Amino acid sequence: MPESSNPRDKSQKPKNKSVLVALSGGVDSAMAAHDLLQAGWHTEAFFLDILPQEISGTGLLAARNVTRHLGIRLHCLNEAERFENEVISYFRTSYNMGLTPNPCVICNQRIKAVIGLSLAASLGIDHLATGHYAGTKRLSDGRTGLFKAKDKKRDQSYFLHQIPEWAIPRLIFPLADRTKKDVMKQAAETGLLPLVQKESREICFLKGNYRTFLEKRGLFDNRPGDIVDMDGKVLGRHTGLYAYTIGQRQGIGIPDKTPYYVAALDRKNNRLVVGKEHSLWSKELLAEHVNWLVSPDMALKQPCTVKIRYRHQGGLAKLELLESGRVRVRFFSDQWAVTPGQFAVFYLDDLVLGGGSICG
């Protein structure tokens, strides 16, 4: 059995261990800090101010209230420019290329993990903790693996798969074995719940529709073009490819006996390709920029489960590593709306094997 690194496990009470907790201002990261402190860790926290100037937030105030309540030190860093260059730029570029981005994956990789681990090292702190619903365990080969959380409805391992393998042993996820219901209950009992900001399911910099965000900042390619069917027949006009995503049904504006869905974004020819429901099922995809969290041999020698977006249930598939470094994923059954720009994440039961960006 893999060895758990859950800090709430009393049999693994730390000996002079220290941890830096990433506080977002929400209840999950607040309870992560609470659990570590209660488990005997030397606990400090940090807050990243990353929002653009025109977007206000209450995260910093909540983080200050939480650390004051817990009696721990808070470090505040302004990384808005870096966030703009690394995450918002990626978001904008992806849409203008006809892709559907996932900025949370990129933010966890390039912003939260990198900055958090760097700050921890500068402070002489051993580990970095977050309020993500995920977990780590020691594998039989001595490595530390990234795992799904107990609460499968809240599991966020999908968003963490691009964090480099070397960083995983330094990460702690105190909520690995907890449910959201349990976290909310204890937050109320400990007095933390009134201190945190209201939970939001939105991407942090998208206060409203992502298209509105792009329009207001002038960050999109809004050239109109043709809407064509799978045979290339022109059916109408679109208002800009940035406004559509694979699998979309609403807003196409092409009435028919059965609905059309967005099947592809032809960026080269500025065409929106639409098709009927049956045309969006596929058994294969290509993933690039693959980040392996285990030895690739472990992932290639047996079928695994592949998620093609966060809410996807996952499909059983066989992986093939190509000379280019890309991975060909062959599903055992058809999958709906495979979307370039999203991430394909590979699992063996609850263990995250790795994953990469869907490119074909």
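Placing a pseudo-label 7 Å from each Cα along the Cα-to-Cβ vector at Lys318 and Ile203 gives an inter-label distance of 3.6 nm. Working from label points 7 Å from Cα in the Cα-to-Cβ sense, the Glu165 to Glu284 distance is 2.7 nm.
A straight Cα-to-Cα reach below 18 Å connects Lys150 with the aspartates and glutamates Glu3, Asp9, Asp28, Asp35, Asp177, Asp182, Asp349, Asp350, residues fewer than 8 places away in its own chain not being considered. Taken per residue, the accessible surface of the chain reaches 48 Å², heavy atoms only and a 1.4 Å probe.
Could you tally the net charge around Glu165, taking each other residue with its Cβ under 13 Å from the Cβ of Glu165, Lys/Arg +1 and Asp/Glu -1? Residues near Glu165 contribute +1 overall. Loop-located trypsin sites (Lys or Arg not before Pro) across the stretch 280-358 with a Cβ neighbour count of 14 or fewer within 10 Å are Lys301, Arg311, with loop assigned by DSSP. What a 1.4 Å probe finds exposed on the chain is 49% carbon and sulfur by accessible area, rounded to a whole percent.
Between Gln335 and Ser282, Lys283, the built amide H atoms are under 5 Å apart, and every one of these is 5 or more places off in sequence or on another chain. Relative to the 2.2 N^0.38 Å rule of thumb, the stretch 76-163 has a C-alpha radius of gyration ratio of 1.26.
The H on the amide N of Ala134, modeled in the peptide plane, is under 5 Å from the matching H of Gln156, Leu175, Ala176, each at least 5 residues off or on a different chain.
Cα gyration tensor of the stretch 213-345, axes a ≥ b ≥ c as square roots of the eigenvalues: rounded (a/c below 1.5), prolate (a/b > b/c) or oblate? Because a/c hits 1.5 or more and a/b exceeds b/c, the stretch 213-345 counts as prolate.
What does the helix-only formula give at 222 nm for the chain: each DSSP H stretch with n ≥ 4 adding -39500 (n - 2.57), the total divided by the residues, and the result rounded to the nearest 500 deg cm²/dmol?
Roughly -5500 deg cm²/dmol at 222 nm, from the helical runs in the chain.
Straight-line reach from Lys198: taking Cα to Cα under 18 Å and skipping same-chain neighbours fewer than 8 places apart, the lysines in range are Lys180, Lys181, Lys185, Lys207. Spin-label pair Glu79-Leu348: with each label point 7 Å from Cα along the Cα-Cβ axis, the two points sit 3.1 nm from one another. Among [x] 68, 49, 35; [y] 73, 49, 36; [z] 79, 44, 40, which one is Cα extents along the principal axes in Å computed from these coordinates? Of the labelled values, this structure produces [x]. Springs join every pair of Cα atoms under 10 Å in this Gaussian network model of the chain, and among Cys107, Cys304, Cys204 the largest mean-square fluctuation is at Cys204. Of the Cα atoms belonging to the stretch 280-360, the radius of gyration and Dmax stand at 11.1, 32 Å.
The values are calculated or read from the model by the stated rules, or taken from the named source; none is laboratory data. Everything numeric here is computed off the predicted structure, so don't read it as measured data. Glycine gets a Cβ as well: all are built from the backbone with ideal geometry, and neighbour counts include every protein chain shown. Ligands, DNA and RNA are stripped out before the accessible areas are found, and what is left, the full protein with its side chains, is counted by its heavy atoms. Shrake-Rupley method; radii C 1.70, N 1.55, O 1.52, S 1.80 Å.
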